Amino acid sequence: MMNPIVSICIANYNGQQVLVDCIASILVQQGDISCEIIIHDDASTDGSLALLSERYPIARYPSITVLESRENVGFCVSNNRMAKVARGDYLLLLNNDAALAPDALVTLLAAAQAQRPPGILTLPQLDWDTGSLVDRGCLLDPFYNPLPNLDPLRGDVAMVIGACLWIPRSLWWELGGFPEWFESVAEDMYLCCRARLAGHPVQVTTHSHYRHRQGLSFGGNRVAGNRLSTTYRRRRLSERNKTYVMVLCSPALRLWLTLPMHLLLLALEGALLTVIKRDARLWFEIYANVFKSLVAEGRGLWCRRSEIQASRVLSVACHEKSMTRFPHKLRLLLRHGMPGIR
């Protein structure tokens, strides 16, 4: 296969129990769309590599390529490495704990060919266990917390999650791919915000779907027993990286209005959680880390912001259409109480 239409990129770390479902959903796709599957194994300590070698030998599955990393490098580096060797006109980033509906590629390709200009796409996300709708892409609140879009009539969104993200390979490199200094978490938000600022749409399809075992690959990010659950590492990266995206991608007026409020609320949130849970680790590892990172990366962030804003074509009014006014964290707190952090 010299010229695949799409390169499906699967970042894998200890995904032995889920990889077969993910790959099987690709191999049964409708429409005879030529595709290659690239799997980056991020120094897994389970039997992932043995599974791939035994179940998908290159003699039988020449369209599957496995990249083996000697050290754990994270989601951003993993996907950038796969994009470098990809040959397809489009990239589809797919989590190892996700599976496509049989008509997913046909649906995404048709939607991509209709986009003017080309942009980022996703499918409606369904919960793996219940089959219920999780989101149709996401909007963003004033502090860059993702809010699931559940409106079937809304196709344009602020961002789509990296568990199923379709993008022209040329646009991926035009935007610079994932920022490797993010490590993991909110890299999808960054890429989508950059695309929108540059005038490229971020949309969700009307039809098809993908199923996702939410939170399995990185911990947290889902409601269990009507309570939110997350991890120290995920929360640390999430709070830091969302703040980075706010600094880099917000229009100037919104940034100077919301950044001071954002930092004040983060400090209050961190102090209250630390006192209530009697856990100083919360403050130092998650919340203080945001302030330290902003100081350490301040000059670099400002230079990157200048470059990004210089290429902006999206008007402030259009930017605001994807933002909600009510803070999503407060909505979650009222609905589910304080999150459990492990």
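Numbers for the structure displayed
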read-out	value
Qualifying position, being of a type outside the set (Ser, Thr, Tyr), out of contact with any Lys or Arg (no Cβ under 9 Å at 6 or more places or on another chain) and surrounded by fewer than 20 Cβ atoms within 10 Å (Cβ to Cβ), among 104, 59	59
Criterion violated by residue 303 - all others in (1) touching a residue at least 24 places away in the same chain (Cβ under 8 Å); (2) within 17 Å of residue 190 (Cα to Cα); (3) out of contact with any Phe, Trp or Tyr (no Cβ under 9 Å at 6 or more places or on another chain) satisfied	(1)
Test: residue in region 86-97 that is in a strand (DSSP E or B), over 23 Å from residue 150 (Cα atoms) and modelled with pLDDT of 95 or more	yes
Those helices (runs of 4 or more DSSP H) lying entirely in region 284-342 with at least 3 residues outside the structural domain of residue 200 (by TED's automatic domain parsing) and closer than 17 Å to residue 159 by Cα	316-320
Test: residue 177 is assigned to a loop (DSSP other than H, G, I, E, B), more than 18 Å from residue 98 (Cα to Cα), out of contact with any Ser or Thr (no Cβ under 9 Å at 6 or more places or on another chain) and at pLDDT 95 or above	yes
Whichever residue in region 250-283 is in a helix (DSSP H, G or I) and among the hydroxyl-bearing types (Ser, Thr, Tyr) and, among such residues, is farthest from residue 191 (Cα to Cα)	274
Test result for residue 136, surrounded by 20 or more Cβ atoms within 10 Å (Cβ to Cβ), closer than 23 Å to residue 25 by Cβ, charged (D, E, K, R) and at pLDDT 95 or above	yes
Criterion (of a type outside the set (Phe, Trp, Tyr) and at positive phi) met by exactly one of 325, 299, 278, 304	278
Positions within region 27-48 being crowded, with 21+ Cβ neighbours inside 10 Å and in a helix (DSSP H, G or I), in sequence order	48
Residues of region 180-204 that turn out to be under 17 Å from residue 98 (Cα atoms) and either over 12 Å from the mean Cα position of the chain (by Cα) or among the acidic types (Asp, Glu) (or both), as a count	2
Selection status of residue 97, of a type in the set (Asp, Glu) and farther than 19 Å from residue 185 by Cβ	no
Subset tally (residues that are of a type outside the set (Ser, Thr, Tyr) and touching a residue at least 60 places away in the same chain (Cβ under 8 Å)) for region 130-158	15
Which numbered condition residue 89 misses (of (1) over 22 Å from residue 185 (Cα atoms); (2) without any contact (Cβ under 8 Å) to a residue 40 or more places away in the chain; (3) not basic (Lys, Arg))	(2)
Hits in region 252-268 (condition: surrounded by 17 or more Cβ atoms within 10 Å (Cβ to Cβ) and either closer than 16 Å to residue 230 by Cβ or out of contact with any Phe, Trp or Tyr (no Cβ under 9 Å at 6 or more places or on another chain) (or both))	255, 266
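Residue by residue, here is whether (1) assigned by TED's automatic domain parsing to the domain that holds residue 279; (2) at pLDDT 95 or above; (3) under 18 Å from the mean Cα position of the chain (by Cα) holds:
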site: 234; (1), (2), (3): yes, no, yes
site: 243; (1), (2), (3): yes, yes, yes
site: 251; (1), (2), (3): yes, no, no
site: 259; (1), (2), (3): yes, yes, no
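The values are calculated or read from the model by the stated rules, or taken from the named source; none is laboratory data. Nothing here was measured: the structure is a model prediction, and the numbers come from that model. Every residue, glycine as well, gets a Cβ built from its backbone with ideal geometry; the counts of neighbours run over all protein chains shown.
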